[in-house]
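The values are calculated or read from the model by the stated rules, or taken from the named source; none is laboratory data. Keep in mind it's a predicted model, so treat the numbers as computed, not measured. Don't worry about glycine lacking a Cβ; one is built from the backbone with ideal geometry, like all the others, and counts go over all protein chains shown. Side chains included, ligands, DNA and RNA excluded: accessible areas come from the protein's heavy atoms. Shrake-Rupley method; radii C 1.70, N 1.55, O 1.52, S 1.80 Å.
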Amino acid sequence: MNPSLSDIGAVSAAPSPPAAAALGPPPAPPKQAPPRRAAILRDLLRWLWNFISASDPHEAAPGAPGEHAPVISEADAARAREQGWLHELLLPLRPAYKQAIMMAFMINLIALGTAVYSLQVYDRVIGHAGYSSLIALSVAMVIAVCFDHVLRTGRAHLMQRLGVQIEAEVARRAFARMLTLPTLVLETRPQAYWQTVFRDIELVRSTCSGASALLLIDLPFLLLSLILLGLIAWPLLPVAIVTIAAFVILAWRSGQVTRHAAETEREKLVGRDVTIAELAGARLMLKSAGANQSAYVRWEKNYVAWMSEALGRSRESDHYRDLATGMTTLNTVLTTGLGAIAILSHLMTMGALIAANILAGRMISPLVQLVGQWKQFGQFQAAKKRLDALFGQRLDRMESGLALPRPLGTFLLDATSFKYPRSEHNQLQAISGQLGPFGLHAIVGANGSGKTTLLKLLRGLYPPASGRVLLDGADIVQFSQQDLARWIGYLPQHVQLISGTVRENITLAEPGIGDELVIAAAQRACAHDFVLNLPDGYATEVGEGGSRFSGGERKRIAIAQVLLRDPPVLLMDEPTADLDHQAEQAFLTTLRELAKDHTVIVVTHSMAVLSQCNGILVLDKGQLKAAGPARQILPSLGF
């Protein structure tokens, strides 16, 4: 029987842990070797100390996103690169963190004034009817409170600026990776993966500039409270030390228990998001196929799996939070009780007891936060590790070794083979031959024979496993993707428009190009007439994924996008598959004109296109079975 969301919602009011009736409690995490005690916090504090104490010549506080980064020394920059992308990113922001630490010192110093104020009022003002002293002390505290408010407001504004700058920079780098990772890597990353990447970036930002960062900054100032407590109520100092140790142990334990559960929950969350994205993308197909029930079962299965993990982790978090609350109450009882005994023994005063309780509250407050935030430190380390893997990936070539003129479009395949990662067999096997310059050439073959793969090799999207692909005698691996995009127009089999206007989609690669070139590209793609007939013309919104238009109209807009920069080589995968007969004939005229001074290579099963080709390549299970002039190859294909 499949679990359902109603099962998850059936939470008992009894003291026993709530659970999904059909799911039962989440499985226990596998046994792992326990890490060293308090390793997470120790590593973070050590990194923070190294970060703060590094030399800082020519530094400046951070500005708004987009401003130039402060200048740092070459030695610091080199050390930052060795210690990772995050250290390199935060190094120019170090002056702002130092400002935050100085503000925290002043804030915590002012907070001690409350305890001193209570001590003086109970021991001196009340006992001696010191009205003038009360007024002076109260005025001083009001001034201190106002100064504290100014400091807290300034620190909050500073940390917000830090957070914006950190997230903007990391998000910019992650988005650049999404655009510049090799195609084979991108094809293994679903849309949900990139959603989780930006969730990880939010976690890094909140840890480096949010409540977790403020907690790490404030924790060392517990020492001030301990020193003051030792001066005014020394009999209670052991209670405070034991309380701090107990909270640290509780925080460490809560992090160990919840960290694995948090990672499992994240995996379930990714599975949930992947399922939702797939079902949302296929929603019309599901409706037309009457597959509502199976879609619902698939969605509910993944949703329930995530929710079950979330409930399990929430129960653990609530358990340790309740323990922290109980320990807070116990500390108050112990402090008051032992303080009373110390007063009766003439070891301290009533004012000292009141002040000690205030100081104990000041010390316990960040420790309670530590119990709740410890799991975030573990999640931060896991998120940073995932981002390390992303930022450590090899990228496409960003610059060509030499700026070459516009190529003629002569392709030479030199024993070119290709194999997908983790595949045992070659998808393409030692293909050799020449295509171009100029002319209309077709690649034909059965489904799965490697036609699309060969186009991606020619475009430079896939690297050959062996052999070479040469363009005008130059190996294309030496060229950047930007250069190849200018020289080789590529139309995939399944086109994808981006939300925006028709013009914005056509000019995606050249947003500032003139209207006359946009119109020329649309006319070549046989899209100009139907776009003009729209009420808003080229300003018409295409909708999500181009949903405003039919498949053939989307294909023609995509073709116009490919033709916009007039590349000398055109690679098109099934360019006429979604076109009606009239549109196909019109586009064939365009292809014949282009073939006079362009190298045009198409994957097609259309006899109308094949009949206009100059040459044809026949693939069969990744092998080149035949190649030659169309008049010779077509009869062997049964045409």
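Descriptive notes on the structure:
- Note on region 620-638: residues that are touching a residue at least 60 places away in the same chain (Cβ under 8 Å), part of a strand (DSSP E or B) and among the small types (Gly, Ala, Ser) total 1.
- Pairs linking a residue in region 448-472 that is farther than 17 Å from residue 616 by Cβ to a residue that is among the hydroxyl-bearing types (Ser, Thr, Tyr) and part of a strand (DSSP E or B), with Cβ atoms under 6 Å and 6 or more positions apart or on different chains, are 459/490; 464/416; 465/417; 466/417; 467/416; 467/417; 469/416.
- So residue 566, is it under 38 Å from the mean Cα position of the chain (by Cα), open to solvent by 10 Å² or more (accessible area, probe 1.4 Å), at positive phi and not small (Gly, Ala, Ser): yes
- Screening residue 378 against (1) out of contact with any Lys or Arg (no Cβ under 7 Å at 6 or more places or on another chain); (2) not in a loop (DSSP other than H, G, I, E, B) leaves a single unmet condition, (1).
- Residue check: residue 159 meets all listed conditions (1) in contact (Cβ under 8 Å) with a residue 40 or more places away in the chain; (2) open to solvent by 40 Å² or more (accessible area, probe 1.4 Å) but one, namely (2).
- From 276, 249, residue being more than 30 Å from residue 189 (Cβ to Cβ) and open to solvent by 40 Å² or more (accessible area, probe 1.4 Å): 249
- Residue within region 125-146 that is in contact with a Leu (Cβ under 6 Å, 6 or more places away or on another chain), in a helix (DSSP H, G or I) and not hydroxyl-bearing (Ser, Thr, Tyr) present: yes
- Positions within region 468-478 being open to solvent by 40 Å² or more (accessible area, probe 1.4 Å) and at pLDDT below 90, in sequence order: 472, 473, 477, 478
- Residues satisfying the criterion are absent from region 522-534 (criterion: surrounded by fewer than 20 Cβ atoms within 10 Å (Cβ to Cβ) and either farther than 20 Å from residue 580 by Cβ or of a type in the set (Ser, Thr, Tyr) (or both)).
- The number of residues in region 285-325 being open to solvent by less than 40 Å² (accessible area, probe 1.4 Å), among the small types (Gly, Ala, Ser) and without any contact (Cβ under 8 Å) to a residue 12 or more places away in the chain comes to 1.
- Lone qualifier among 360, 442, 430 - being part of a helix (DSSP H, G or I) and small (Gly, Ala, Ser): 360
- Taking the listed residues 97, 117, the one that is among the aromatic types (Phe, Trp, Tyr), over 15 Å from residue 228 (Cα atoms) and part of a helix (DSSP H, G or I) is 97, with no other qualifying.
- Some residue of region 495-502 being in contact with a Leu (Cβ under 9 Å, 6 or more places away or on another chain), buried (at least 20 other Cβ atoms within 10 Å of the Cβ) and free of Cβ contacts under 8 Å to residues at least 40 places away in the same chain: no
- When 434, 427, 481 are screened for being closer than 30 Å to residue 592 by Cβ, among the polar types (S, T, N, Q), in contact with a strand residue (DSSP E or B) (Cβ under 9 Å, 6 or more places away or on another chain) and open to solvent by 20 Å² or more (accessible area, probe 1.4 Å), only 434 passes.
- Of everything in region 535-558 that is of a type in the set (Gly, Ala, Ser) and at pLDDT below 90, the residue that is most open to solvent (accessible area, probe 1.4 Å) is 547.
- Output for region 217-227, where each listed residue is crowded, with 20+ Cβ neighbours inside 10 Å and either aliphatic (A, V, I, L, M) or outside any helix (DSSP H, G or I) (or both): 217
- Subset of region 352-401 [small (Gly, Ala, Ser) and within 30 Å of the chain's Cα centre (by Cα)]: 372, 378, 382, 383, 389, 392, 400
- Residue satisfying all of: in region 113-139; among the aliphatic types (A, V, I, L, M) and in contact (Cβ under 8 Å) with a residue 24 or more places away in the chain; surrounded by the fewest Cβ atoms within 10 Å (Cβ to Cβ) among these: 116
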